[in-house]
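Novice: Below you will find the structure I want to go over with you.
Just so it is clear, none of the values below were taken in a lab; they were calculated from the coordinates. Remember, it's a predicted structure, so these values are computed and weren't measured experimentally. Backbone-built Cβ (ideal geometry, glycine too); neighbour counts: all protein chains shown.
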């Protein structure tokens, strides 16, 4: 009903705005910097392609430019400067509701001979971090909102890229090249954060709903292997997210409502125009059921994000930024269906979460070739879980209940980072830095579940006391140092090499991690790249701080001497531009993982399989003796948006294996073998001046079945219903292959008389209503192993107004 009312409201808006009869324009402005020195470039020419009369501007002493009267629609801009590689910026969406602000980095030419044109739209494999030569891609706000099935979630956007697998509709965990999601590093404005998700739990990086508001994002990087030396404490991938600055000249507002992500309001504008100081803030309130993620329970979640840019003065440039979110959900057993993905009909469960990040950054330009950027930050991730077991009579009626579990876990991080960047000349540049994180952990779990052998002396069905499962209050420091240089042999051949080191004071372990990469554009439209990276990562906190209960009732940590988990990445890449808009990209990789925690006695368990669920297995006496490997081939065929349409096709073929302490080679939990994505989108302009557009987007995804460990039904029945898996044949079976097709229809409207723009879409997710398998688990109600399916058809509706 809510969706129908919203649709009616939007149709009224269309009727009011669609027949206005005047042409509309907008301001396009921005700042242009040297890519290596981050110094403003004066006198750069920026022109609107194919404009007559010519619409253009020249950058001032601060590197700023401003173009007036740019027609709405998708436009192309040309950026030129003597001694630098010219840049073409295609497909810039101009609307009436918001000024366009561009941030452009120009690269100085080494040879300074023939002009070299870099088309930004067709070099999506070239990230913002110019030191990343392979396995990297930028992503933008428009892509997050454009692609079908994305739910305005930057993590789900990544599932469209080669090498990424996520055959799970209920969570946005990112599986990269067969690696566990715990190997992912999230960074916001250079500050590491454990997770950006509501309803997240300790040690995981994913969740059902992302608290990261995509409307605040500027173009950011996603790296999937052999990443540069500045990134540490990650074995799988890096999400390097940056918030954009608010409009420094004009107050602007955005209001948005979506079925999945909720109600949202954003404001931005100037603080001090002379200093280019600005603010940007957004608040979001979750209004919808999480039916889209597989439960009928009603959630509550809110988040707030902001960035304040104080401008640049004699003391440098200061920026304040933050992200905060709270979420809660109550799973009431009597109201839960037995096919619920998260809940148990025999339990009442109450989940509360908090996450936050607060940081201050400072940029000091020491001269035209050197800058120092430093940040201090605080982040927190807290989750509470309470479970009441329900006691029923022979008719299935609840006659009593008792508190069975209390869990209260908090991880706080205090972070300091500093980076010195020096451009010696057009050929040489160096980046070195320090990152220190002080972790404060407070984990407490008590349990008196009637299946953990706690006595019931009075026979009322309620265990007599709580057993303390975990009680941790500790802190430790992780220190990271890195240095990485880039040398350009010519405008078509360059190399990077660097070292990353880490020191964990809790175990006194030190890592030494070399990184190397070479990029050779041997033809104007073809590039060959190779890279190697050694990476190490701290063991996840739920594993590291596991406490074993001793016979005398005391607790002992049996895993706190575990060292870093390690991996070697080897990557070969080939890129070919086919014409102006098409690109072919292929990468082959091999990853060797070792020193992975496994049990000290022979078993199939390995930490390599953790991270795709809300909880970790509780294992004691682990040792760094496990191994694993991933290898595969990735192919991307992409037609960037032009002539009214785009296409993206990605194929990933891979193998992901591991060995536990029993020495048997098995599939990892993430070895789907095949992932295929096909995305297509088309726009049709209409209205006076062709300022409005109908939009159509679709995405088709399929992957091989996910490996799983079958349930031992008889052992489960003998264990009072506590599920027992056949660990001796771990991950020997597979769920059925995954298939999903999403279709999105939308309209974009630009007012002719006011600075207002509207966007509406309806995203029909899983239009075939495919019943993809979620899990095969023991059902206490049926006393059998039942198949639980993922969500079926789900429509996501969004309306956005900018003014």
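Novice: Let's test this: bin the Cα-Cα distances of region 543-672 at 10 Å from zero up to the farthest pair and state each bin's percent.
Specialist: Percent of pairs per bin, in order: 11, 30, 24, 16, 11, 5, 2, 0.
Novice: Suppose R0 equals 60 Å; then what is the FRET efficiency for residue 552 and residue 655 from their Cβ-Cβ distance, rounded to the nearest 0.05?
Specialist: 0.80
Novice: Ranking 47, 698 by Cβ neighbours within 10 Å, fewest first, what do you get? Before the final figure, lay out the partial values.
Specialist: Values: 47 17, 698 20.
Ordered by Cβ neighbours within 10 Å, fewest first: 47, 698.
Novice: Please report how far the C-alpha centroid of region 534-570 lies from that of region 760-787, rounded to the nearest whole angstrom.
Specialist: 34
Novice: Roughly what would the spin-label model give for residue 105 and residue 91, points 7 Å off Cα along C-beta, in nm?
Specialist: 2.0
Novice: Which FRET efficiency value, to the nearest 0.05, do you get for residue 685 and residue 789 by plugging their Cβ-Cβ distance into 1/(1 + (r/R0)^6) with R0 = 45 Å?
Specialist: On the way: r = 41 Å, r/R0 = 0.91.
The value I calculate is 0.65.
Novice: Still on this structure, I have one more. Would you order 422, 250 from fewest to most other beta-carbon atoms within 10 Å of each residue's own beta-carbon?
Specialist: If I rank by nearby Cβ atoms, fewest first, I get 250, 422.
Novice: Compute the distance in nm between two label points, each set 7 Å from the Cα along the Cα-to-Cβ direction, one at residue 466 and one at residue 767.
Specialist: Rounded to a tenth, the inter-label distance reads 5.2 nm.
Novice: I need the peptides 531-540, 687-696 ranked by packing, meaning the mean over residues of other C-beta atoms within 10 angstrom, with the highest value on top. Provide the component values of the computation, followed by the final result.
Specialist: Details: 531-540: 22.7, 687-696: 17.7.
By packing density, highest mean first, the sequence is 531-540, 687-696.
Novice: Which length gain, in nm to one decimal place, applies between residue 493 and residue 523 when the Cα-Cα distance is subtracted from 0.36 nm times their residue separation?
Specialist: Numbers: separation 30, 0.36 × 30 = 10.80 nm, distance 1.08 nm.
The residue 493-residue 523 span can extend by a further 9.7 nm.
Novice: Between residue 720 and residue 335, take the C-beta separation as r, use R0 = 25 Å, and let me know the FRET efficiency to the nearest 0.05.
Specialist: Numbers: r = 25 Å, r/R0 = 0.98.
Between residue 720 and residue 335 the formula returns 0.50.
Novice: Pulled fully out, how much extra length does the chain show between residue 401 and residue 739, if you take 0.36 nm times their separation in residues and subtract their Cα-Cα distance? Before the final figure, lay out the partial values.
Specialist: On the way: separation 338, 0.36 × 338 = 121.68 nm, distance 4.06 nm.
Difference between extended and current length: 117.6 nm.
Novice: Can you sort 335, 581 so the residue with the fewest Cβ neighbours within 10 Å comes first?
Specialist: Going from least to most buried by this count: 335, 581.
Novice: Report the Cα centroid-to-centroid distance between region 25-101 and region 173-220 in angstrom, as an integer.
Specialist: 32
Novice: Packing-wise, with mean Cβ within 10 Å as the measure, how do 230-236, 273-279, 322-328 rank, highest first?
Specialist: Details: 230-236: 24.7, 273-279: 17.3, 322-328: 21.0.
Going by the mean number of other Cβ atoms within 10 Å, highest first, we get 230-236, 322-328, 273-279.
Novice: For residue 507 paired with residue 615, estimate the spin-label separation in nm (one decimal), with each label point 7 Å from Cα along the Cα-to-Cβ line.
Specialist: Placing both labels 7 Å beyond Cα along the Cβ direction yields 2.5 nm.
Novice: If you stretched the chain out fully between residue 532 and residue 128, how much longer would it get, using 0.36 nm times the residue separation minus the C-alpha to C-alpha distance? All intermediate terms of the calculation are to be shown ahead of the outcome.
Specialist: Details: separation 404, 0.36 × 404 = 145.44 nm, distance 1.97 nm.
Extending this stretch completely gives an extra 143.5 nm.
Novice: Quick one: check the C-alpha center-to-center distance for region 680-705 versus region 601-631, whole angstrom.
Specialist: Between the Cα centres of region 680-705 and region 601-631 lies a distance of 43 Å.
Novice: Shifting gears a bit: Cα gyration tensor of region 444-521, axes a ≥ b ≥ c as square roots of the eigenvalues: rounded (a/c below 1.5), prolate (a/b > b/c) or oblate? Numbers along the way, then the final one.
Specialist: Numbers: a/c = 7.55, a/b = 3.50, b/c = 2.16.
Cα axes put region 444-521 in the prolate bin.
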